[in-house]
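One structure below.
What follows is calculated from the coordinates using simple rules that are stated; it is not laboratory data. Predicted model, so just to flag it, every value in this text is computed and none were measured. No Cβ is skipped: glycine too gets one built from the backbone with ideal geometry, and neighbour counts run over all protein chains shown.
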Amino acid sequence: MVSNNINPYNIPMQAAGQPQMGGVNPSMQAGIDAQAVKQSVDHSYLANRVKASEEGNPNMTLGLTLATWYALAQAMDKFGPKCAGDYDKSVLGRIGAWGDKVQTKFTNTAVGKGVQKVWHGVEKSWNWLTGKSKLAYAVTNTPTQAEWKFAKSTGAGLKGFLAMDTDQLFGYFMKPVDDVQKLEQFGYTKDQIDKVANSLKGLNKTDKAAALAKEELKALGIKDASIDKIFNKKGVHGLNEYSKHIKARKLGFRNLAEYEAVTKDSLANVEKMYQALLKADDKLCITAKRASGTFGKVKAHLFGRKVAIPELRNKFIATLGKGNKTRLGRFLPKAFGYFLEGTTNRFAGGKLAVFMQAAIFGDMLANSFIAPKGEKFKTFMERFVNDFSYFMAMPFAYMAMHKVGGMKYAGLDKKGVETYRAALKAFNEKAKAGGFATKADYKAAKKALSGMLKADVKNPITRFFKGIGRFINMGNETRAAYKSASKMNLNLLRKIPNFLKNLGGVPLRIALPMMVIVPVIAKACTKAENKVFGKPTKSVLDEEKEPEQLPEQQIASQSNNNPFNNQPTVIPNTPTNLLNMYQNGQRYQTPQSTVTNNVNNTTIINGEQKDDDGKVLEPVRTYIPSPVGVQLKGEDPTKGQAALARADLAEKQALETLAMNW
C-alpha cells in the first residue's frame, strides 16, 4: 500500500510530456453503455406512449373511468336488442344491405369495373404463385395454430370473442334456476315471476330448490305428471339433470351429448354453434347475475346481462358473413361489430369486461381536458385512434405471426397438414398415457412424425424458411415426452426440453405481435389521423427530448464518456521523461532563467524558488495539475493508482540521481 503522503487527496497528476495511464470508463469495460440502453428504452414508442399518460390527475382519471364504464355498459344494454329480430331488419342487417347497394352501384361504373378487373388479376396472380411456391401455399393455406385458449380466441378476432362469449352464455343457461328472477329466460313476465315468488315464501331451502326445479321444467314445456314422476324417482337432482337435456334441445342441439361435444372446443366448432342457433327457440333469452331483492336488482342493473337468442344468432350471421351478397355487404356488419367490441368490449362480452375499455377512455378524456385551448379535440382524436388501433390490430398481428409460422408446413397441402396434426394428437395421447412399450418404439414413432413434417423438401431455401416457421412455433404443437412405466424412471427430467421450449416460445409469440407488429400499425394509424385532424402540441408520437445542458455540463459529460478521460494531453517539446533522454544519449539542459514574482517577492533562479534572504522555498513542480476536480478517496487506493504513485516516486529519485551525476 502506498502512503497518502505522496498524493493525499488522490488528485490525478501527469508529468508534462508523459501521458498518465488512467482508468477506463466502466461502461466501456462492460462493453455496453447502460445509459445508452436506458435512453433507447425510454425513447421507444411503447415507453413514450405510457409516459404520455403519466401527467393526468389520478382522481379525475378514476372518476372519468367509472362514469365511462357505467355509460358504456348501459348503452350496450340498449344496443343489444337492436341486433335481434329478423336479420334484414336488425341494425346489422341494414348496414350490410347498404354495403350491398353501394358495391352493386359502384361495380356497374367504369371505375368499378376497372377496380374489379385489377382485383381479379391480383387474385389470379397470387393463386398462380401459391400453385408454384410451397412457401406461398403454406403462408396462405396452412398457418400454425395456437394451443392456448386465450391466444386462439385473440387470433381469431371477432369470431373468437363471440365464440367464447356464447360458450359462457350457454353455460349460464344450462345451470339450474336458483332464483325466481331467472325464470325470465323462458319468457315469464313480471307478474308471473311475482306469483311464483309468493308461492315460495315460507319454504325451507330444500323445498324451495325442488319448487324452482319443477317450475323450470314446466316453463320448458314438460307436463306436471312427468315432472312429479321424475321427482318421486330421482329427486331434485333428477329434475335438474332432465332439464339439461331439454335446454340443450332448446338451444338447437340434437341432444346433450352434442352440446357438450361442441362447447368442449367452441372456437373449433363455431360453425356448429351457428347451425344450432338457427334451430334454437326464439322465445328464449339468456340471463346472468339475476337475483331477487333490492341488492339483486342493483347487481342486475350494474353487472347483469340479458341476451335474446335472435340477437346472438344475428351477431353470428354478421361475424361469419352469412347474411349479405357482396363483399362490402358482408364486410361492413363484421367491421361494425369489431369496432364496437374494440371500443366497448360488449359486442361479445359482459359488463365487467367494459372496465378495461373504460380505463382507456378515462385516461383519454383526462388528457384531453388538460390539453391547451384549441387542442382538446385533436388530443382526444389522436388518443382515441392510437389506443383502439392497438386492440384492433392485435388479431391481425397474431394472424400474421401464425401465417409466417405456417412456413414449417411447406411441402404439405391442407389435407397433409390435417393428417399430420391427427397423427401428432394420437402420438401425444399415447405418450402421455405411457402407451409406448419401449423407448425405441417411442423414437421410431417420433421419427415418423418428423418425416411427415419434413415432407421430403429438398430445396435449401424452402428448408431454411421451414426452419424459421419452426422457430416461431417453438413450444407449440410439440411432441410429448416419453413416459416410462418403470418405477426408477426419469419422466420428470424428460419433460424439461418441452418446458424450455415453452419458456422461450410463449414470450416470443407474445412479444412479436405486441412489441413489433402492433406498434407499427398503431403508429401508422395515428399518423394518418394526424393528417386529418392535426397533430396536437403534446402528441403521443413525440419522443421524450433530453434537457439542454449547460456548457460546463457538456464538458463533464464528454469527459465521462471518453474512455481515456484520465489520460492527459502531452505537451510537445518538453523534456520531462529524463530516463528516456538518458537512454537516448541526450543531456538535460538546465534552464538558466530568473523569474520574479511581484506578489510574494520571490525569485525563481535555475529552477529554485528563493525569498529575499536567499532561502530556498518549495521546489518547482514537474507536473501539470489535471483539469478534473479533486476526488477524495479513502485510505485504500486501487492497484492502478498505487502503481502510478510508485512510478512518480521512482522518477523523482531517478531525476535526483541524474542531477548529481551530471
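A few points about this structure:
- Residues Phe465, Phe339, sorted so that the one with the fewest Cβ neighbours within 10 Å comes first: Phe339, Phe465
- Histogram of C-alpha separations across the stretch 185-303, 5 Å bin width, %: 2, 10, 16, 18, 20, 16, 12, 6, 1, 0
- Given Lys195/Lys289; Lys218/Lys247; Lys334/Lys403, the pairs whose alpha carbons are separated by over 18 Å: Lys195/Lys289; Lys334/Lys403
- Å³ per residue enclosed by the Cα convex hull of the stretch 481-537: 89 Å³
- Percentage relative contact order, the stretch 373-543, counting C-alpha pairs under 8 Å, at least six apart: 41 percent
- Using distinct alpha-carbon pairs, which all enter the 1/r mean, Kirkwood radius of the stretch 373-543 in Å: 19.5 Å
- Sorted by Cβ neighbour density within 10 Å, fewest at the top, the residues Val298, Val111, Val417: Val111, Val298, Val417
- Förster-model FRET efficiency, 30 Å R0, Lys454 and Leu320, C-beta, rounded to 0.05: 0.25
- Packing, taken as the mean count of other beta carbons within 10 Å per residue, orders the peptides 182-193, 299-310 from highest to lowest as 299-310, 182-193.
- Shown for Ser125, Ser368: other C-beta atoms within 10 Å of each C-beta, ranked fewest to most, produce the order Ser125, Ser368.
- Distance between the 7 Å Cα→Cβ label points at Gln192 and Ile246: 1.2 nm.
- If R0 is taken as 41 Å, the Cβ-Cβ distance between Lys272 and Trp119 corresponds to a FRET efficiency of 0.80.
- Taking 7 Å steps out from each Cα toward its Cβ at Ala528 and Phe499 produces label points 4.6 nm apart.
- Length gained when the stretch Lys101-Met356 is fully extended (0.36 nm per residue, less Cα-Cα span): 88.1 nm
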